[in-house]
Amino acid sequence: MDPVFLSSIFTLGLLGLFFGGGLAFASKKFAVKTDPRLAKVIDLLPGANCGGCGLPGCNAFAEAVLKGDVPVTGCGPGGQEVAEKLAKILGVELDEMTPMVAVVQCQGSKDVAKNRYEYSGIQSCAVAHRTGGGHKACTYGCLGFGDCERACNFGAITMSEGGLPVVDEEKCTACGACVRACPRGIMKLIPVNQQVYVGCVSQDKGKAVKDVCSVGCIGCTLCAKVTPSGAIQMKGNLPEIDPSGTDLVISVHKCPTKSLVDRVKVRSKVTIDSKCDGCTECVKVCPIKGAIEGEEGKRHKIVFDKCIGCGVCIPACPQNAIRPMGALGYQGETRRKSAKAK
């Protein structure tokens, strides 16, 4: 065999051994060590890759939570159950999470909100919003093309015939994808036990609102004035609600444009028993005229058709003669209880 050929083979072999050894050394020297808990954390996560945690997907969240860059409660779809398991793996204490749910802060359906022009472009809220601010006369209102519906990975949002999103609270995981997808900012996450929220985000006031929508908030401040606990305060032209407020139903019924949304579908009425001595204290605090009847000094009675179930008369009665007839039940109540039970 040609000596030159043998020499070439030998040289190539030595070079292969040299570079191979170098690569092997480099792979060990510069290897990125993987946390052995990573696989366990990934297995615990829902795997929806919804981005609700603010990261590209579940793998990114798993890496971040192990590094301590995000809290164990950062996975909305996983909820309390996943948070508790993550806390156990990481050996950290966990405070109870407040379950959240998405709500629609716009009630301007096609029959109550006006359009500026007919839109025939791409059926996307984001595109329409960038096209001269959209076709809706209210520049804050829902455009109705369903970007939020398409962004939801859990099938929790559908579009109504009136062109507004409808949230299925049993399916909603509070991932926040709909919030990020909406160019108008009408989607919001609120505590699942919050009973009342503002169904409008318009920053306009009075006539400017009425000219474009019959159910928009006009910034009249009446809701704040009629809420005894102070759970509603005005922030600019819009009410800001303290989620812990329990007397918010009064503002719902007093709102002249019905722009406050009550998530309680069946509110408890009250009844007055025989201990009533007719002191009229209940009548004095009742926000609805004619909801309590009776002469002074005689037993009073509740007019059920007018009672709104606000319950402010119960603590006002010195004889403890007023009691609720049933329990409150609102959308998401089942989810709240089941989340606590996990």
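The values are calculated or read from the model by the stated rules, or taken from the named source; none is laboratory data. Computed from a predicted model, the values in this text were never measured in an experiment. Heads up, the Cβs are rebuilt from the backbone with ideal geometry, glycines too, and the neighbour counts pull from every protein chain shown. Only protein heavy atoms, including side chains, enter the accessible area calculation; ligands, DNA and RNA are left aside. Shrake-Rupley method; radii C 1.70, N 1.55, O 1.52, S 1.80 Å.
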- Query: Helix-derived [θ] at 222 nm for the chain: sum -39500 (n - 2.57) over DSSP H runs of at least 4, divide by residue count, nearest 500?
  - Reply: -8000 deg cm²/dmol
- Can you give the net charge of the other residues whose Cβ lies under 14 Å from the Cβ of ASP305, counting K and R as +1 and D and E as -1? +4
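On a 1.4 Å probe surface of the protein chains, which of THR227, THR98 comes out largest in accessible area, and what is the full order?
On the way: THR227 5, THR98 80 Å².
Descending accessible area places them as THR98, THR227.
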- Give the angle, between 0 and 90 degrees and rounded to the nearest 10, that separates the Cα long axis of helix 3-29 from the longest principal axis of the Cα atoms of the chain. 30 degrees
- Task: Could you run the Karplus curve 6.51 cos²θ - 1.76 cosθ + 1.60 with θ = phi - 60° over the range 295-305 and give me ³J(HN,Hα) per residue in whole Hz, x for Gly and Pro?
- Result: 7, 4, x, 10, 4, 8, 9, 8, 8, 4, 5
- Query: Accessible surface of THR11 in the full protein assembly, 1.4 angstrom probe, to the nearest 10 Å²?
  - Reply: 70 Å²
- Item | Options PRO165, CYS220, PHE145, ranked by Cα towards positive dipole end of the range 113-237, top entry (Cβ charges) | CYS220
- In a Gaussian network model over the chain where Cα atoms closer than 10 Å are linked, find which of LYS289, LYS171, LYS269 has the largest mean-square fluctuation. LYS289
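Please compare each pair in LYS136/LYS207; LYS67/LYS88; LYS205/LYS284; LYS110/LYS265; LYS235/LYS284; LYS235/LYS258 to a cut-off of 26 Å on the Cα-Cα distance and tell me which ones are over it. Mind showing how you got there, number by number?
On the way: LYS136/LYS207 17 Å; LYS67/LYS88 15 Å; LYS205/LYS284 32 Å; LYS110/LYS265 24 Å; LYS235/LYS284 30 Å; LYS235/LYS258 18 Å.
Over 26 Å Cα-Cα: LYS205/LYS284; LYS235/LYS284.
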- Query: If you rank THR271, THR257 by how much accessible surface each has, with a 1.4 Å probe, what is the order from largest down?
  - Reply: THR271, THR257
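Given a cut-off of under 8 Å on Cα pairs at least six residues apart, what relative contact order in percent is computed for the chain?
Values: 588 pairs, mean separation 44.7, N = 342.
Computed over the chain, the figure is 13 percent.
For the chain, which whole-number percentage of the solvent-accessible area (1.4 Å probe, protein heavy atoms only) is attributable to carbon and sulfur atoms?
On the way: 10540 of 18960 Å².
Its accessible area is 56 percent carbon and sulfur atoms.
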- Message: What is the angle, in °, between the Cα long axis of helix 79-90 and the longest principal axis of the Cα atoms in the chain? Nearest 10 is fine, range 0 to 90.
- Response: 40 degrees
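Shape verdict for the range 38-192, please, from the Cα gyration tensor: rounded (a/c under 1.5), prolate (a/b greater than b/c) or oblate. Don't skip to the answer; put the middle values down first.
Numbers: a/c = 3.10, a/b = 2.43, b/c = 1.28.
It comes out prolate by the Cα gyration axes.
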- Task: Report, in debye and to the nearest 20, how large the dipole of the chain comes out about its Cα centre when Lys and Arg carry +1 and Asp and Glu carry -1 on their Cβ.
- Result: 500 debye
- Once both labels are modelled 7 Å past Cα along the beta-carbon direction, what's the LYS114-ARG37 spacing in nm? 6.0 nm
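Counting only protein chains, not ligands or nucleic acids, how are LEU38, LEU189 ordered by accessible area (probe 1.4 Å), most first? Each step should come with its number before you reach the end.
On the way: LEU38 30, LEU189 55 Å².
Largest to smallest exposure gives the sequence LEU189, LEU38.
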